[in-house]
């Protein structure tokens with residue numbers, strides 16, 4: 001577990017068509033150790049950029065970021081002890097589920113007996129034991145996303161980052177895996193940052209919800225407060241438009 005602190009973070013991109021696109025503007029957030037925090041908002045609101053900044057896949061234009069009290073300026077992604085699960089599972093097609101889950105541990109030169117033990121423990125948590133010898137083409141979309149989740153879990157990182165991790169699944173599978181996320185968080189007690197445009201996911205999963213739009217924070221609140229006391233017209237209209 002780890003506390004994640006972002007202070008006045010801004011991120012500006014230069015594009016061929018539009019110089020100085022401000023993806024995130026003056027973003028500040030203090031994520032408690034062990035918290036399940038959901039970043040909610042429309043596409044293009046800056047949600048994924050925040051995750052990429054925490055992961056070290058992007059560097060902030062300005063502001064400061066720390067994990068567990070350690071400043072992250074200049075710290076490479078593999079040195080941050082975070083794991084990210086993307087919308088697309090991006091598994092290696094020629095590897096079995098076991099090999100996909102174990103891949104990161106092999107890169108870290110973990111001894112083979114420990115790799116086997118950790119992969120099997122993770123597979124048991126996720127109900128993947130019968131699938132360990134199968135390749136991605138031989139399992140369903142939901143099972144592939146479980147393998148992707150297993151690849152993150154097996155590393156035992158301080159922080160988990162989820163970027164629209166259930167967006168490509170059908171409604172029953174999304175509901176099933178949301179329940180799985182809740183169960184895993186209770187079991188692991190890890191710090192989790194989860195990005196979604198689906199407020200049903202946010203309300204079900206989050207300790208707190210951060211609503212973003214156009215790179216800026218609109219509201220930070222517990223789900224009940226968010227629904228009962230939206231901070232402004234954007235939050236109110238976004239929740240109404242999306243079913244609340």
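Only the coordinates and a few stated rules stand behind these numbers; no lab work does. Here the structure is a predicted model, which is why all the values come from computation and not from measurement. Every residue, glycine as well, gets a Cβ built from its backbone with ideal geometry; the counts of neighbours run over all protein chains shown.
List the relative contact order of the range 152-244 as a percent without decimals, with contacts defined as Cα pairs under 8 Å and 6+ residues apart.
On the way: 81 pairs, mean separation 19.6, N = 93.
Contact order relative to length: 21 percent.
Computed from the C-beta positions of residue 222 and residue 179 and an R0 of 22 Å, the FRET efficiency is 0.65 to the nearest 0.05. If the segment from residue 10 to residue 108 were pulled out straight at 0.36 nm per residue, it would be longer than the present Cα-Cα gap by 32.0 nm.
For the range 1-126, a/c is not less than 1.5, where a ≥ b ≥ c are the root eigenvalues of the C-alpha gyration tensor, and a/b tops b/c. That puts it in the prolate class. Considering only 182, 147, 210, the mean-square fluctuation computed in a Gaussian network model of the chain, springs between alpha carbons under 10 angstrom, is largest for 182. Is the shape of the range 158-222 rounded, prolate or oblate, going by the alpha carbon gyration tensor and its root eigenvalues a ≥ b ≥ c, with a/c under 1.5 for rounded and a/b larger than b/c for prolate? Note, shape of the range 158-222 comes out oblate. Does anyone have the angle between helix 171-188 and the longest principal axis of the chain? Alpha-carbon axes, 0 to 90°, nearest 10? Result, in degrees: 80.
Using Cα pairs under 8 angstrom and six or more residues apart, how large is the relative contact order of the chain, in percent? Before the final figure, lay out each step's value.
On the way: 454 pairs, mean separation 67.9, N = 244.
So the answer I get is 28 percent.
Helix 97-107 versus the longest principal axis of the chain: what is the Cα-based angle in degrees, 0 to 90, to the nearest 10? With rounding to tens, the tilt is 80 degrees.
Residue exposure proxy: 174, 108, ordered by other Cβ atoms within 10 angstrom of their Cβ from fewest to most, comes out as 108, 174.
Let me have the 222 nm mean residue ellipticity of the chain computed from DSSP H runs of 4+ only, each contributing -39500 (n - 2.57), with the sum over all residues rounded to the nearest 500. One gets -11000 deg cm²/dmol as the mean residue ellipticity at 222 nm.
Sorting 48, 15 from the fewest to the most surrounding beta carbons within 10 angstrom yields 15, 48. When the chain is treated as a GNM with alpha-carbon contacts under 10 Å, the residue of 118, 186, 80 showing the greatest mean-square fluctuation is 186.
Determine the shape class of the range 87-140: with a ≥ b ≥ c the square roots of the Cα gyration tensor eigenvalues, call it rounded for a/c under 1.5, and otherwise prolate if a/b is greater than b/c, oblate otherwise. List each step's numbers first, then the result.
Working: a/c = 1.94, a/b = 1.34, b/c = 1.45.
The shape class here is oblate.
With a Förster radius of 22 Å applied to the C-beta separation of residue 188 and residue 135, the computed FRET efficiency comes to 0.20.
Cα axis of helix 112-126 to longest principal axis of the chain: angle in degrees, 0 to 90, nearest 10? The helix 112-126 is inclined about 60 degrees to the chain.
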